[in-house]
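Here's the structure, in structure tokens; my notes come after.
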There are 2 protein chains.
Amino acid sequence: MFEARLTQGGLLKKLVEAVKDLVTDGNFEATEAGISLQAMDTSHVCLVALQLRGDGFENFRCDRNVTLGIQLANLSKLLKCAGNDDIITLKADDQPDVITMTFEDPKTERFADFSLKLMDIDSEHLGIPETEYSATIRMPSAEYARICKDLSSIGETVAISATKEGVKFSTSGDVGTANITVRSNTAADLKPEQQTTVELGEPVALTFALRYLNSFAKAASLASQVQLSMTKDLPVVVEFTISDMGHLKFYLAPKIDEDEDMGDEVGES
Amino acid sequence: MFEARLTQGGLLKKLVEAVKDLVTDGNFEATEAGISLQAMDTSHVCLVALQLRGDGFENFRCDRNVTLGIQLANLSKLLKCAGNDDIITLKADDQPDVITMTFEDPKTERFADFSLKLMDIDSEHLGIPETEYSATIRMPSAEYARICKDLSSIGETVAISATKEGVKFSTSGDVGTANITVRSNTAADLKPEQQTTVELGEPVALTFALRYLNSFAKAASLASQVQLSMTKDLPVVVEFTISDMGHLKFYLAPKIDEDEDMGDEVGES
DNA sequence: ACGTCTCTGG
DNA sequence: CCAGAGACGT
């Protein structure tokens, strides 16, 4: 028996909306510890890793580990039927064919229950090595989203360079070029979620496809801050912390023909 | 001479928007008593009946009964030219070729008049027998709209079952199944328009095509509540009261292969 | 998948 | 009254 009750149903809605454009289906693994999902995106370019700890739920029970193979488009459909303030309860048998979701509107006398057929999905669970990153940037997630959106109207890739002064996002395209710089800013009068920090081993500059960074930005409503962890030649980790519950991480490999210096140039194709 | 002046022009706009997807054209019958329209939908599956009493208008005059055969798509086009707060005046001769509409914006000094060509439309005015219904449900129209919309992302038909405890809407489809229950709720602290009531002779459960119920839901902005009247093997009546003026009723026959009991099962195909 | 438009909340 | 989010259409 697996059962998880989440008062903040809107959280689950947002999670699925943030992930479903990238990943069509995936195995949600429920264990005593919580729920996790790891999946490559459709084009096998980036990796999505979600972790929700059981103790973040109002109730969490998982007698035996279960694998819930879910088509995210369908899950999204069902979750559209839940209100943002609904209490959502997930249930599954030990050998489940379906997952059952109950939506309660705490204010009105409305109850809805939905069952979703599960699928057998080939999973390729990758071990992700723990790494020390050369640079770890924390910034407001809304700012991250804004920058990715703005830059993608100019170019298709972005060079992100981290120095101790801050971060620079650079792109170029037919229209012209763009550079957006965010300085480290930890002024005491700034709310923590508005701060930008760069934790630096050594300066790094990597180039990524904006298309994916933009997809990741859909998770911005889940967390006020986003964390970008970068090391030369390794995938960037774009991480959103889900408060008191876990995290949603996106991994994306850099463009290989990366320019190595920290100059103004963006690698032109 | 027929002339009717309506301060709340938005009402007419909403009415036509609510009906035009179902009915392509219809005869509006103007009499001393008011205006009425009765028409089958294009696929001859459901019936639309509109009644607007003359005393609901600011001015109403109808010297002789006139039949105004109107293509609703065209009427809709013209009404798009009226503001929601415009005063709309309808005029027609005793033997009219056209109906004339005047739109006045009470705030600005703007006047517009449009005339719409009338059509000869075969009408099949049905007498609808007055029936005692087994169950009469009243609920917030927004809730009705929400339920129909939500369920239609899962299945194509819905089983509506009324018991003294409340109403249950059930569907199933490829993705899974869904049940939404609304309890009778007449708590005194609930605004009348938020209440749900079930007036029950005997329990009824009928199955309908969601497609039509969804069309009916377009009328939800006309009235805060909707009334569903059901009797076994008879069409459901989905009624929106237009305050101080009349009503808009939709009739839809149930699916014949209806399951007779009140159980949890939804008829699977 | 993107952009537009509508509706809801602040 | 303005801004942000969600739904719908291309």
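The values are calculated or read from the model by the stated rules, or taken from the named source; none is laboratory data. Being a predicted model, the structure only gives us computed values, none of them experimental. Please note: Cβ atoms are built from the backbone with ideal geometry, for glycine as well, and neighbour counts cover all protein chains shown.
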Of those in the range A:12-36 that are touching a helix residue (DSSP H, G or I) at 6+ places or on another chain (Cβ under 8 Å) and acidic (Asp, Glu), the residue farthest from A:Ile99 (Cα to Cα) is A:Asp21
Out of (1) part of a helix (DSSP H, G or I); (2) at positive phi, the one B:Ala220 does not meet is (2)
Taking the range B:220-245 on its own, how many of its residues are buried (at least 21 other Cβ atoms within 10 Å of the Cβ) and within 16 Å of DNA strand D (Cβ to nearest atom)?
1
Given the condition away from DNA strand D (no atom under 16 Å from the Cβ) and assigned to a strand (DSSP E or B), answer yes or no: does some residue in the range A:186-197 qualify?
yes
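So, in the range B:89-111, exactly how many residues are surrounded by 15 or more Cβ atoms within 10 Å (Cβ to Cβ) and not β-branched (Val, Ile, Thr)? Step through it out loud before you land on a result.
Step one: filter the range B:89-111 for residues surrounded by 15 or more Cβ atoms within 10 Å (Cβ to Cβ), giving B:89-92, B:96, B:99-105.
With not β-branched (Val, Ile, Thr) added as a condition, the list becomes B:90-92, B:96, B:101, B:103-105.
Summing the residues that are surrounded by 15 or more Cβ atoms within 10 Å (Cβ to Cβ) and not β-branched (Val, Ile, Thr) in the range B:89-111 gives 8.
Quick check on the range A:158-168. Is at least one of its residues within 16 Å of DNA strand C (Cβ to nearest atom) and either within 14 Å of chain B (Cβ to nearest Cβ) or surrounded by fewer than 19 Cβ atoms within 10 Å (Cβ to Cβ) (or both)? Working first, answer last.
To start, the set of residues in the range A:158-168 that are within 16 Å of DNA strand C (Cβ to nearest atom) comprises A:158.
With either within 14 Å of chain B (Cβ to nearest Cβ) or surrounded by fewer than 19 Cβ atoms within 10 Å (Cβ to Cβ) (or both) added as a condition, the list becomes none.
Taking every residue of the range A:158-168 in turn, none turns out to be within 16 Å of DNA strand C (Cβ to nearest atom) and either within 14 Å of chain B (Cβ to nearest Cβ) or surrounded by fewer than 19 Cβ atoms within 10 Å (Cβ to Cβ) (or both).
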Considering only the range A:118-156, how many residues are hydrophobic (A, V, I, L, M, F, W, C) and either more than 16 Å from DNA strand C (Cβ to nearest atom) or in a loop (DSSP other than H, G, I, E, B) (or both)?
9
Listed by first then second residue, the pairs whose first member lies in the range A:188-200 and is among the charged types (D, E, K, R), whose partner is buried (at least 16 other Cβ atoms within 10 Å of the Cβ) and at pLDDT below 95, with beta carbons under 6 Å and at least 6 positions apart or on separate chains, are A:Glu193/A:Ser224; A:Glu193/A:Gln225
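Restricting to the range A:116-130, count the residues that are away from chain B (no Cβ under 13 Å) and either crowded, with 17+ Cβ neighbours inside 10 Å or within 16 Å of A:Ala30 (Cα to Cα) (or both).
The number of residues fulfilling the criteria is 4.
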Search result, residues across the range A:101-139 that are within 16 Å of DNA strand D (Cβ to nearest atom) and in contact with an Asp or Glu (Cβ under 6 Å, 6 or more places away or on another chain)
A:Phe103, A:Asp105
Exclusive hit being within 14 Å of chain B (Cβ to nearest Cβ) and either within 16 Å of DNA strand D (Cβ to nearest atom) or surrounded by fewer than 17 Cβ atoms within 10 Å (Cβ to Cβ) (or both), set A:Asp86, A:Asp63
A:Asp86
Return the pair list, or none, for Cβ contacts closer than 7 Å from residues in the range A:232-260 that are in a loop (DSSP other than H, G, I, E, B) to residues that are of a type in the set (Phe, Trp, Tyr) and modelled with pLDDT of 95 or more, at least 6 apart or on different chains.
A:Pro235/A:Tyr251; A:Pro254/A:Phe208; A:Lys255/A:Phe208
What residue, among those in the range A:96-115 that are at pLDDT below 95 and outside any strand (DSSP E or B), is nearest to the other protein chains (Cβ to nearest Cβ)?
A:Glu109
Looking at this structure, is A:Glu258 touching a strand residue (DSSP E or B) at 6+ places or on another chain (Cβ under 9 Å), closer than 18 Å to A:Thr136 by Cβ and either at pLDDT 95 or above or not hydroxyl-bearing (Ser, Thr, Tyr) (or both)?
no
Please determine, by comparing only the residues of the range A:71-83 that are more than 7 Å from chain B (Cβ to nearest Cβ) and assigned to a loop (DSSP other than H, G, I, E, B), which one is surrounded by the fewest Cβ atoms within 10 Å (Cβ to Cβ).
A:Gly83
So, of the residues in the range A:184-228 that are of a type in the set (A, V, I, L, M) and within 16 Å of DNA strand C (Cβ to nearest atom), which turns out to be nearest to the other protein chains (Cβ to nearest Cβ)?
A:Ala219
How many residues are within 15 Å of A:Met245 (Cα to Cα) and not charged (D, E, K, R) when one looks only at the range A:3-31?
11
Which condition breaks for A:Thr42 when tested against (1) more than 14 Å from DNA strand C (Cβ to nearest atom); (2) over 15 Å from the mean Cα position of the chain (by Cα); (3) among the polar types (S, T, N, Q)?
(1)
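I want to confirm something. Restricting to the range B:59-94 and keeping residues that are of a type in the set (S, T, N, Q) and modelled with pLDDT of 95 or more, which single residue is nearest to B:Asp122 (Cα to Cα)? Before the answer, list the steps.
So in the range B:59-94, the residues of a type in the set (S, T, N, Q) come out as B:59, B:65, B:67, B:71, B:74, B:76, B:84, B:89.
Adding the requirement that they be modelled with pLDDT of 95 or more leaves B:59, B:65, B:67, B:89.
Numbers: B:Asn59: 30, B:Asn65: 17, B:Thr67: 11, B:Thr89: 26 Å.
Across the range B:59-94, the extreme among qualifying residues is B:Thr67.
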